[in-house]
Amino acid sequence: MQSLQFPNYPFRFKNSENKPYIFDIIRKKFVIILPEEWVRQHVVWYLIVEKKYPKSLINVEKQLQVNGLTKRYDVVVYQKDGSILLLVECKSPEVKISQETFNQIARYNKSLDAVYLMVTNGLHHYYCSQNFKEEKYMFLKNIPDYIP
């Protein structure tokens, strides 16, 4: 798999029926490694190892309703009170991060109300908070570390 702009993590792999799989420590199962999944798994480990977020507060690939349509978010990190601290949108490394990518995560966030947003293709990472009243992003250098 392609090298990404994340540290190296101790991923577990397996092959089944000539397809490569990676173990998702949040979903507790092996999933097929596609380019976007490769990025998502790096994000999960980054949040746990570098940012110190507990696995119990992280959720991966769940459905949400956006304007009456069923969509799937990539990663969310909850706060202890159940509200969402962080929403992450992962793209394949070959996908350029564009305004449309930010529009997508902003649409999702209208349903989720996350405090922070992260958009990454594994090569480029963007962090921001969203001003809901003005519908603008405030770009940040990073997302905060977990505070127990």
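Report yes if Tyr53 is under 21 Å from Arg12 (Cβ atoms) and of a type in the set (Ser, Thr, Tyr), otherwise no. Yes: the conditions hold for Tyr53. Is it fair to say Tyr46 is in contact with a helix residue (DSSP H, G or I) (Cβ under 8 Å, 6 or more places away or on another chain), at pLDDT 95 or above, under 24 Å from Tyr146 (Cβ atoms) and of a type in the set (Phe, Trp, Tyr)? The answer is no for Tyr46.
Name the single residue, out of those in the stretch 1-35 being among the charged types (D, E, K, R) and surrounded by fewer than 17 Cβ atoms within 10 Å (Cβ to Cβ), that is farthest from Tyr127 (Cα to Cα). Per the criteria, the residue is Glu17.
You will find that of Glu135, Glu50, the residue that is touching a residue at least 24 places away in the same chain (Cβ under 8 Å), out of contact with any strand residue (DSSP E or B) (no Cβ under 7 Å at 6 or more places or on another chain) and under 28 Å from Ser3 (Cα atoms) is Glu50 and no other.
Here Glu17, Glu61 are screened, and the one residue that is among the acidic types (Asp, Glu) and in contact (Cβ under 8 Å) with a residue 12 or more places away in the chain is Glu61.
Just checking, does the stretch 63-73 include any residue being within 25 Å of Ser129 (Cα to Cα) and touching a Pro at 6+ places or on another chain (Cβ under 9 Å)? Scanning the stretch 63-73 turns up no residue that is within 25 Å of Ser129 (Cα to Cα) and touching a Pro at 6+ places or on another chain (Cβ under 9 Å).
Out of Lys110, Lys91, one residue alone is over 18 Å from Lys55 (Cα atoms), touching a residue at least 40 places away in the same chain (Cβ under 8 Å) and surrounded by fewer than 19 Cβ atoms within 10 Å (Cβ to Cβ). It is Lys110. Of note, Val119 does not satisfy the criterion of being modelled with pLDDT of 90 or more, within 25 Å of Asn8 (Cβ to Cβ) and surrounded by fewer than 19 Cβ atoms within 10 Å (Cβ to Cβ). Within the stretch 62-76, can one find any residue that is buried (at least 19 other Cβ atoms within 10 Å of the Cβ), within 20 Å of Asp145 (Cβ to Cβ) and not acidic (Asp, Glu)? The answer is yes, given that some residue of the stretch 62-76 is buried (at least 19 other Cβ atoms within 10 Å of the Cβ), within 20 Å of Asp145 (Cβ to Cβ) and not acidic (Asp, Glu).
The values are calculated or read from the model by the stated rules, or taken from the named source; none is laboratory data. Not measured: the values here are computed from a predicted model. For neighbour counting, all protein chains shown are included, and Cβ atoms are generated from backbone atoms with ideal geometry for every residue, glycine included.
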